[in-house]
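Notes follow once the structure below has been shown.
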Amino acid sequence: MMYPEQAQGKPPTAPTAAPKVTFGRRTPSGRYISYSREDLESELGSVDFNNYHVQFPMTPDNQPMEVVPVDPFVSAKAEEHYVSSSLFTGGFNSVTRAHMMDKVTDTNLSRSAAAKASTCAVEGCDGKVMCDERGEEMLPCECEFKICRDCFDDAVKNGGKLCPGCKEPYKATDVEEVARIAKERKAITVPRISASKAGARMERRLSMMRSMKGGTSEFEHNRWLFETKGTYGYGNAIWPEEDEVGHDGGGDDRHAKDFVSKPWRPLTRKLKIPAAILSPYRLLIFIRMVVLVLFLAWRIKHKNPDAIWLWGMSVVCELWFAFSWLLDQLPKLSPVNRATDLSVLKDKFEIPTPTNPTGKSDLPGVDIFVSTADPEKEPPLVTANTILSILAAEYPVEKLACYVSDDGGALLTFEAMAEAASFASVWVPFCRKHRIEPRNPESYFALKRDPYKNKVRQDFVRDRRRVKREYDEFKVRINGLPDSIRRRSDAFHAREELNAARLHRENMDEPIVKIPKATWMADGTHWPGTWTQPNIDHSRGDHAGIIQVMLRPPAEDAVFGTPMDESIGGDGDGILDLTEVDVRLPMLVYVSREKRPGYDHNKKAGAMNALVRASAIMSNGPFILNLDCDHYIYNSQALREGMCFMMDRGGDRICYVQFPQRFEGIDPSDRYANHNTVFFDVNMRALDGLQGPVYVGTGCLFRRIALYGFDPPRAKDHSAPGCCSCCFPRPRRVANEDSSASRALRMPEDDDEESMALSSFPNKFGNSSFLVDSIPVAEFQGRPLADHPSVKNGRPPGALTIPRDPLDASTVAEAISVVSCWYEDKTEWGNRVGWIYGSVTEDVVTGYRMHNRGWRSIYCVTKRDAFRGTAPINLTDRLHQVLRWATGSVEIFFSRNNALLASPKMKFLQRIAYLNVGIYPFTSFFLIVYCFLPALSLFSGQFIVQTLNVTFLAYLLVITVCLCLLAILEIRWSGIELEEWWRNEQFWLIGGTSAHLAAVLQGLLKVVAGIEISFTLTSKSAGDDNDDEFADLYVVKWTSLMIPPLTIMMVNMIAIAVGVSRTIYSVIPQWSRLLGGVFFSIWVLAHLYPFAKGLMGRRGRTPTIVFVWSGLIAITISLLWVAINPPSANSQIGGSFSFP
């Protein structure tokens, strides 16, 4: 393997030719040897080889050979094997190279249980079963008796040509004839089209799409047969089963398949909230709105002349709080719940029908993206467990593909993924055999419930024990990878230095060359990504693009495993009995995009867009699921649940299905509201009743063409909704297509429009013809079934049962080119296509752009959590997480993604919800002022009102009671608990007075002055108990974000003491003002109680910095109070008051 040289200059603007793939290998010394003709000719043309000749004597072994044509199927299989065994690298102005990997890791384990060769079944023989050139077993007898080549020859010559198993004569005694029969026995129904011409790769599927574009939605079967050379078996949809043929040969006992037309059933149902809950909920919202208006009007009219400054600040804050409450409450007017029917999904897509006689899965493909960037912050074992849960998901194996984005280009992540691919050959069949949940091995083996409950197979205990042992060994290998890579690199580096020293001794004239310390792979070659000690072309921001197919695309038909190994109690060669289990694994691809200095790589959004392009070329699943590396699939049926919405009637207008985020490892009390259930179970359900929930960054199933920036289908038929359209719909009208806000791509509706649209695609998506050709294919495959007259823009049943094209080297080379650093130049990637750039919270902006084009989204809450992940339980980590979210919201508010600039295609209440996303951090200014008002009131002896009269108390009581009743009703229709609601209220004040304020200041400085401020950790105090599961909860890490809430807490505590002492010792005590100030101070302190517990650490061990700050603040406030209100000349404390 040779590393590309980075050329200086600008990327080419015109479309370039197809990328060139250079094949070669690296010698043990590190020297690259190329196999390409161009490199060979350049070497032979040099001075060193001008007079070098090799003569081959004319012997029978050197005679010209006759060219034998190779079966295309065999060549395709060989190509796939080569692709899965090669590491592809390349990038800007460099040649794409494919390096054959002798081994990926030091353990060099087998990648699939099905790849293990079976042994001969003849007693006393341990030879390997006969295999053809594809590596597949050849069984010469119909009884499928496994036999090796030597035993077969012996049976033919000396055994009377009888099978040792069934004692029946062989039908074929020649090995070539046996191979031909075995090939015919395993032939597939629809033949593959040769991939020799890259330009015709998509023609078969595109022809199917064009045949559907007409006035009716009826599928033209004859045209499909002509264009794809497909077959329907015996000429009609009814034929006998293999085991239903009569023994007399007449066929009298044959029974036809029962294809009875079933009534059409929807895949999803909308479960409305009961009117007994929703009607009072809406009524209370209206009542509280009216009371707030009356209260604010009363407050404005009745000033406090004794403390006008206190009255003014309180009124301004209350006006903002009322406005903020409206923005948060109005989108909650129409909450909904939804349910799916997985049995209907199976009946429609996986049961034999007249249009799908074979019963192959007709579900669309799904590409799953997993993103990681730093193996030190994101442990490879966690990422590997996420990958294993994806590979074991209950979805058709041939329709699933997993892409791992390593934005750091670390060899540690690469080898960890290789180990995960190896262990998957054991873990995935085990999950399928025993229906394991969850399918994350770390979470499964850590379950505290009885693992043997509801397990009916007798071998479950034995299998679980063996898989647990394999997983323990797997963890040891993963955890030992850093030391293994370091020792390996040190050994190779020492060898390189010895070779350099030897060459220097031989050539004393040449200076000593300093050998850079490289990071070495297991096969003795340099790692093309980031080295442990960074160097040119091998640092985090400067390395070539890398693609490695860890697991090749699976076969179309099921591949069953082998029996258990006889050495551990069985008679096969595996650790589990997998004779009834499909052992195929989904495709797994490792991707590290190219990075070069001087390019803006746009962090996670750029990595996601690189995966979108690479997956479009390699698998082109019409749907994309993105997961963080620490979020794994907890419900193996989650993909099917999401697909119910996409494939249901009207599903073609759904841009994404968002799943709620659920977390593990949270302390039982959820001190800092890490579960965030109020947002995920209240706000998101409410948005589902409008235009759909917002995109929250992970656990989201996308429609690929929605990410490409297309308008939803039938956009002309849907009107621009007006104010409160969810409750009071207005007559439909056609949206203005000429407005700049509604400019977007539309899928072509006829052939002429299609040709015009395709011609403009390179300017939007780049100059990759593979990528452009894949767009209409993804659009067609993502359509719902046209199995009902009401389903518009559907596809014919059975259209997705065609096998995918084989994966060849030219395809991977094209994928390397689209993940290069220059590919997005002068395109609309990150602007209108893919994940949107320019914000820390790229997820919210990406979802906003889709809703702004008229798409709708769905919120899918499953009975069993779909995904689970981890969340920071430490106070400082939690505050920095909230700071990042709030900073992104401020950036959204000051950008063109502000909901005030939304297009008419977005519903009014949906626009209010997005407006609240950008505005909520600004509440921190008013919240901090309002938290100081009780203390100022107690210090000054005044209150926000002149007297606590009945009117003020009545308004306050009604507002408080309405708020409590609304909370109770929200708890009823959302299913959350009262404690979770209260924790959310507490952390709303903690985050609002700390992280939100810092985010607003940071955003304002960035917008106005272009200054960026980062709030970093300055000190750390950790606990001593390492055995505690929640030890991180008690770790105190000081940060500047803690200063505002700590100041508020100390000031209010001091103010209560000052106010009580003044009232007790005053001549005329003002108890009403004291009660008002003390009540609001206690309200503030009650919300800050989790913050105070976080500062105390474990068992009250508070860091010294907390005491220092507390003392300084207390002294400062006391001096200010004495300066503002000095004591009177009366020497008696408290005037006339005296102790008895």
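The values are calculated or read from the model by the stated rules, or taken from the named source; none is laboratory data. Quick caveat: nothing in here was measured; it's all calculated off a predicted structure. Backbone-built Cβ (ideal geometry, glycine too); neighbour counts: all protein chains shown. These accessible areas exclude ligands, DNA and RNA; they are computed on the full protein's heavy atoms, side chains included. Shrake-Rupley method; radii C 1.70, N 1.55, O 1.52, S 1.80 Å.
Structural remarks
- Qualifying residue in region 433-449 (condition: in a helix (DSSP H, G or I), open to solvent by less than 10 Å² (accessible area, probe 1.4 Å) and outside the structural domain of GLY598 (by the TED database)): no
- Test result for SER839, crowded, with 19+ Cβ neighbours inside 10 Å, in the same structural domain as PHE922 (by the TED database), in a loop (DSSP other than H, G, I, E, B) and of a type outside the set (Phe, Trp, Tyr): no
- Scanning region 926-938 for residues being farther than 16 Å from TRP311 by Cβ and open to solvent by 10 Å² or more (accessible area, probe 1.4 Å) gives a total of 1.
- Where a residue in region 602-618 is touching a residue at least 12 places away in the same chain (Cβ under 8 Å) and under 17 Å from PHE702 (Cα atoms) and its partner, wherever it lies, is assigned to a helix (DSSP H, G or I) and among the basic types (Lys, Arg), with Cβ under 9 Å and at least six apart: VAL612/ARG704; SER615/ARG704; ALA616/ARG704
- Residues of region 881-913 that turn out to be within 30 Å of THR1039 (Cα to Cα), over 19 Å from the mean Cα position of the chain (by Cα) and buried (at least 19 other Cβ atoms within 10 Å of the Cβ), as a count: 10
- Number of positions in region 381-395 that are out of contact with any Lys or Arg (no Cβ under 8 Å at 6 or more places or on another chain) and open to solvent by 10 Å² or more (accessible area, probe 1.4 Å): 1
- Candidates ASP808, ASP825: the one that is open to solvent by 40 Å² or more (accessible area, probe 1.4 Å) and charged (D, E, K, R) is ASP825.
- Test result for PHE943, more than 30 Å from SER895 (Cα to Cα) and surrounded by 23 or more Cβ atoms within 10 Å (Cβ to Cβ): yes
- Among the residues examined, ALA610 does not qualify as surrounded by fewer than 19 Cβ atoms within 10 Å (Cβ to Cβ), small (Gly, Ala, Ser) and closer than 26 Å to PRO806 by Cα.
- Condition met for ARG685 (crowded, with 21+ Cβ neighbours inside 10 Å, basic (Lys, Arg) and over 30 Å from ALA610 (Cα atoms)): yes
- For the condition open to solvent by 10 Å² or more (accessible area, probe 1.4 Å) and in a loop (DSSP other than H, G, I, E, B), ALA518 does not qualify.
- The condition (being in contact (Cβ under 8 Å) with a residue 24 or more places away in the chain and closer than 30 Å to ALA276 by Cα) is satisfied by just one residue among VAL344, VAL336, VAL404, VAL397: VAL336.
- Lone unmet requirement of (1) touching a residue at least 24 places away in the same chain (Cβ under 8 Å); (2) farther than 30 Å from ILE277 by Cβ; (3) open to solvent by less than 40 Å² (accessible area, probe 1.4 Å) for GLY359: (1)
- Residues being outside any loop (DSSP other than H, G, I, E, B), open to solvent by 10 Å² or more (accessible area, probe 1.4 Å) and either touching a helix residue (DSSP H, G or I) at 6+ places or on another chain (Cβ under 6 Å) or of a type in the set (Gly, Ala, Ser) (or both) - total across region 860-877: 0
- On inspection, PRO354 fails the criterion of being surrounded by 17 or more Cβ atoms within 10 Å (Cβ to Cβ) and at negative phi.
- Among the residues listed as SER839, SER755, the single one being modelled with pLDDT under 90 and farther than 28 Å from ILE390 by Cβ: SER755
- Counting only residues that are in contact with an Asp or Glu (Cβ under 9 Å, 6 or more places away or on another chain), within 17 Å of LYS603 (Cα to Cα) and assigned to a loop (DSSP other than H, G, I, E, B), region 351-378 holds 4 of them.
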